[in-house]
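*Asks:* Handing you this structure, nothing more for now.
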Amino acid sequence: MSITVSAPGKLMLMGDHAVVYGRPCLVAAVDKYLTVKAGLSDGQNDVFVTPKESNQTFLLQAIKLFREHYLIKEPVVIETESELGNYGLGSSSAVTVATIKALSELFKQKITDRELFDLSFKAVLAVQGLGSGFDVASAIYGGIIYFVSKGEMVERLPGVEMNLVIGYSGIKADTVKMVKSVEEKMKQYPSAVEKIFDNIADLVEKGKKAINEKDWFSLGKYLNYHQDYLEDLGISTPKLEAMITAARDAGALGAKLSGAGGGDCMIALICAEKKVEVKNAIEKAGGEIIDLKISSEGVKVL
Ligand code: MEV
């Protein structure tokens, strides 16, 4: 018998970095998935088939914590497949969530979403040492969520029909390095950085209201202000900024980097009729368009 589970990738809409310091964020799950197939092994050892993942640390940590928590020792066969690529769409959290969910189904252990969050977040922290857990929550719940650090609050929002264009900067971001660089800034200029985070938190609240009201014009404006604060934190790059400016000039309602910064992706909020212009402008600025949509689907047994 085997169990297959899928978990979606994610995009941070607002609250990047500030969420590590207790402020809220807005995150969207996307219609690109990572799947984990789990079965019992005939042999003495675990078997892993992970053609798209060169780094198995999150998978191994997820299995270890699952075994410790449920006192299960049987060897397993795990196969993973991924549509998430190396774009910073949350493959580490997706593989962690999908693995723990698949094992809980395989070994008939009931697990609530909250328990799945706690165990998965513990696994991610054991590997990365830091993080807010927003990506884990997104992989579990799907859709657009308002998330407060460590899953203290997870609120589902409407608006999955929001039109986004995603551009990859061609550089893989190092999340741990970027979070540490912000930590360094916080040590040097605590009151300035706290103020930036308070301003970002304020924008997140406004963004949440705009999403609830489907007021995309206001949301676009908030994304633009948000980018200014991320530039103040020193996590933006000239390439991301060129892509963001190009998107805005081509008629996007707003644009900002998404996630840790230092590379990965930018997002542009658009009206549907501007899609082609904005995509072309981002490509002209050197970005690679990633075709995806926001999805309401969270972790799922297939
Ligand atoms: C990374 O995608 C987003 C950060 O806020 C880190 C985190 O929340 O775990 C920089």
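*Asks:* Take every Cα-Cα pair in region 1-102 and report what % of them are more than 15 Å apart.
*Replies:* Value for region 1-102: 64 percent of Cα pairs lie more than 15 Å apart.
*Asks:* Another question about this same structure. Once the piece of chain linking R67 and F217 is laid out straight, how much longer is it, given 0.36 nm per residue of separation minus the C-alpha distance between them? Before the final figure, lay out the partial values.
*Replies:* Numbers: separation 150, 0.36 × 150 = 54.00 nm, distance 4.82 nm.
Net length gain for the segment: 49.2 nm.
*Asks:* List the aspartates and glutamates whose alpha-carbon lies under 18 Å from that of K101, not counting same-chain residues fewer than 8 positions away?
*Replies:* The reachable aspartates and glutamates, counting only those whose Cα sits under 18 Å from K101, are D46, E68, E74, E79, E81, D113, E115, D118, D135, E297.
*Asks:* Right, next: Please report the relative contact order for region 164-290, taking Cα pairs under 8 Å with a sequence separation of at least 6, and give it as a percent rounded to a whole number.
*Replies:* Contact order relative to length: 39 percent.
*Asks:* Right, here's the next one. Run the reach check for K239 against lysines, Cα to Cα strictly under 18 Å, same-chain hits fewer than 8 apart removed. What comes back?
*Replies:* K172, K256, K279, K284
*Asks:* Roughly how many Å² is the accessible area per residue of the chain, as a whole number, for a 1.4 Å probe?
*Replies:* 43 Å²
*Asks:* For region 164-290, what ratio Rg/Rh do Cα atoms give with a Kirkwood hydrodynamic radius?
*Replies:* 0.99
*Asks:* Now for a separate question. Roughly how many Å is it from the Cα centre of region 188-247 to that of region 32-77, as a whole number?
*Replies:* With region 188-247 and region 32-77 each reduced to a Cα centre, they are spaced 38 Å.
*Asks:* Just to be sure I understand the model, the point goes 7 Å from the Cα along the line to the Cβ. What's the resulting K300 to T112 distance in nm?
*Replies:* Modelled inter-label distance: 2.4 nm.
*Asks:* A further question on this structure: As a test, work out the antiparallel percent of DSSP beta bridges whose residues both lie in the chain, rounded to the nearest 5.
*Replies:* DSSP beta bridges in the chain are roughly 95 percent antiparallel.
*Asks:* If you don't mind, another one. Report, ordered by chain and residue number, the lysines lying within cross-link reach of K108, taken as a straight Cα distance under 29 Å and ignoring same-chain residues fewer than 8 apart.
*Replies:* In chain and number order, the partners are K10, K32, K37, K52, K64, K73, K122, K150, K300.
*Asks:* Considering only protein heavy atoms and a probe of 1.4 Å, how much of the accessible area of the chain is carbon and sulfur, as a whole percent?
*Replies:* 50 percent
*Asks:* What's the whole-number percent of alpha carbon pairs in the chain lying beyond 23 angstrom? Walk me through the intermediate numbers first.
*Replies:* Working: 24197 of 45451 pairs.
So the portion of pairs separated by more than 23 Å is 53 percent.
*Asks:* When the Kirkwood radius is taken over all Cα pairs of region 240-302, what Stokes-Einstein diffusion coefficient follows at 4 °C and 1.567 mPa s, in µm²/s?
*Replies:* In µm²/s, the coefficient rounds to 104.
*Asks:* For the chain, what's the relative contact order in percent, using C-alpha pairs closer than 8 Å and at least 6 residues apart?
*Replies:* 25 percent.
*Asks:* So, by mean Cβ neighbours within 10 angstrom, what's the order for 286-292, 44-50, 135-141 with the highest one leading?
*Replies:* With the highest mean Cβ count within 10 Å placed first, the list reads 135-141, 286-292, 44-50.
*Asks:* Return the single residue from S258, S54, S120 with maximal mean-square fluctuation; model: Gaussian network over the chain, springs between Cα atoms under 10 Å.
*Replies:* Taking springs between Cα atoms under 10 Å, the residue moving most is S54.
*Asks:* Mind telling me which of R248, R23, R114 comes out most flexible in a GNM of the chain, alpha-carbon contacts under 10 Å?
*Replies:* R114
*Asks:* Run the numbers on region 129-233 and let me know its relative contact order in percent, using alpha-carbon pairs under 8 Å that are six or more apart. Kindly include the intermediate steps, with their values, before the conclusion.
*Replies:* On the way: 70 pairs, mean separation 21.1, N = 105.
Normalised by residue count, the contact order of region 129-233 is 20 percent.
The values are calculated or read from the model by the stated rules, or taken from the named source; none is laboratory data. Since we're looking at a predicted model, the values are computed, not measured. Neighbour counts are summed over all protein chains in view; Cβ atoms, including those assigned to glycine, are modelled from backbone coordinates with ideal geometry. For the accessible areas, the whole protein counts, side chains as well, though only heavy atoms, and no ligand, DNA or RNA atoms are used. Shrake-Rupley method; radii C 1.70, N 1.55, O 1.52, S 1.80 Å.
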